[in-house]
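Heads up: the structure comes next, in structure tokens.
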Amino acid sequence: MRRENSFLLLIVIFTLLNPTLFPETRRIEERISSPSPRIKALGGKHAALADDFTTLFNNPAGFQEAGPVMSLSEITMGVSGPIFDIAGVAIEGSQGDIGSVITSPDVIALLQGLYSSMRVQGPISFGYVGRGLGFGFINNSNIVFSNNKPLTISVTAQEEIALCGGYSFRVPLPEKLLSKLDAGVLLKGFLRGETSIEKSFLQIPTLFTNFNTSLLTEEPFFVVTGIGFDVGIRYSFRDLIAFGIVGRDIFTPTLKSSYSNLTAFLENSETPAKTNGLIPLDLSAGVMFTPELGRLRGYIDRLKIMLDYNDILDFLTHTATSKHPILHIGLGIEAVILNILSLRAGMYQGLFSAGLGLDLTFFTLNASMFGSELSSEPGLNPVYNLEVGLEFRL
């Protein structure tokens with residue numbers, strides 16, 4: 001093995017075995033998001049999965065095995081919670097007395113404990129994965145409706161741009177072992193803008209009837225920047241079984257700049273208040289089984305079964321938001337038929353997921369339905385989601 005590769009492998013192993021080098025000492029920030037209907041249908045990220053552009057966010061060690069895949073663009077749209085009920089309330093209110101609509105018992109019940117969101121990835125989704133290299137330039141948009149305080153509703157809007165790039169290498173093993181061992185590292189950075197509106201239930205009629213962009217531009221505006229890295233290892237035997245372990249956000253410090261409003265940020269007319277933060281480490285491990293299909297080969301081209309345990313050390317790295325062990329388990333299964341149709345199912349955070357994909361040569365259509373648990377205990381506050389995406393990949 002080349003000396004520089006040996007040195008890099010030692011760094012990867014040392015970092016993965018010492019995840020508490022960076023304890024929780026600062027404000028916890030959100031991770032870089034990358035909606036993927038395929039991954040959501042398969043029960044979340046899988047450390048051993050390495051076969052397409054999503055490897056960029058699964059495990060950098062997979063850059064050797066995946067692709068080569070060039071991502072030109074992607075448009076993925078998703079909704080969470082009763083977003084259609086909210087839209088119905090807005091439409092009904094616009095056609096009549098919004099005050100009477102908002103104060104109806106059904107709407108009051110809807111608004112209490114509310115969590116709903118709409119998110120879009122793209123159209124910027126440019127990148128490449130394969131031959132040991134991986135990079136991406138991606139944008140995400142997100143709007144969230146939530147009821148975090150009694151008799152209050154908040155609307156939060158986010159826009160995020162992420163840039164990442166990494167390298168993986170293969171560790172030479174004796175041919176008689178019929179095995180492959182890969183290690184990799186990914187450097188990433190992001191810029192996120194965020195603003196929110198918080199109104200009491202009594203102010204909601206005014207929000208719907210007089211909503212305009214000035215409501216957002218007059219509210220406090222936040223800019224969050226961060227830079228960090230992931231490291232990972234992936235071992236496979238005869239393309240039959242693969243094991244992966246990855247440390248996502250090994251060390252990703254952030255800086256949050258607070259402005260009085262969006263105009264102050266755009267015109268650079270004030271000195272913002274700054275707060276240091278940290279995206280906590282996500283140490284995850286998983287296994288993937290790709291069985292020989294035998295006589296089924298005429299019907300099923302590929303079959304993959306995946307099992308992961310994600311964010312293993314959350315009780316150490318971010319104790320205040322740690323979750324029940326069951327919520328860390330991700331299970332997924334994918335069958336590809338005639339190299340065109342992909343059928344997917346899984347389970348994550350104790351909730352079922354399913355989806356499908358259609359490879360139409362020039363683009364791929366993916367759709368998924370999955371559940372998310374907003375609380376730290378199974379079944380206390382589940383929310384259900386839909387995602388549909390168009391991927392333009394070569």
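Every read-out reported here was derived from the displayed coordinates using simple, explicitly stated rules and does not represent laboratory data. Note that the structure is predicted; figures quoted are calculated from it, not measured. Ideal geometry is used to build each Cβ from the backbone, glycine not excepted, and the neighbour counts take in all protein chains shown.
General remarks:
- Exceeding the 30 Å Cα-Cα cut-off - candidates Lys40/Lys199; Lys45/Lys199; Lys45/Lys274; Lys180/Lys256; Lys45/Lys256: Lys40/Lys199; Lys45/Lys199; Lys45/Lys274; Lys180/Lys256
- Using R0 = 35 Å, the C-beta based FRET efficiency linking Ile340 and Glu30 works out to 0.45.
- Label-point separation in nm, Tyr309 to Ile329, each point 7 Å along Cα→Cβ: 1.1
- Near Lys45: Cβ cut-off under 15 Å, other residues only, Lys/Arg at +1 and Asp/Glu at -1. The net charge is -2.
- Bridgeable lysines around Lys176 (alpha carbons under 30 Å apart, same-chain partners fewer than 8 residues away excluded): Lys304.
- FRET efficiency for the Lys199 to Ser376 pair, using the beta carbon distance and R₀ = 30 Å, is estimated at 0.60.
- Theoretical gain in end-to-end length, Phe352 to Ser179 [0.36 nm per residue, Cα-Cα removed]: 59.0 nm
- Local net charge near Val120, Cβ-Cβ under 13 Å (Lys/Arg +1, Asp/Glu -1): -3
- Relative contact order for segment 332-386: 24 percent, from Cα pairs under 8 Å spaced at least 6 residues apart, divided by residue count.
- Where labels lie 7 Å past Cα in the beta-carbon direction, separation of Thr152 and Ser269 in nm: 2.7
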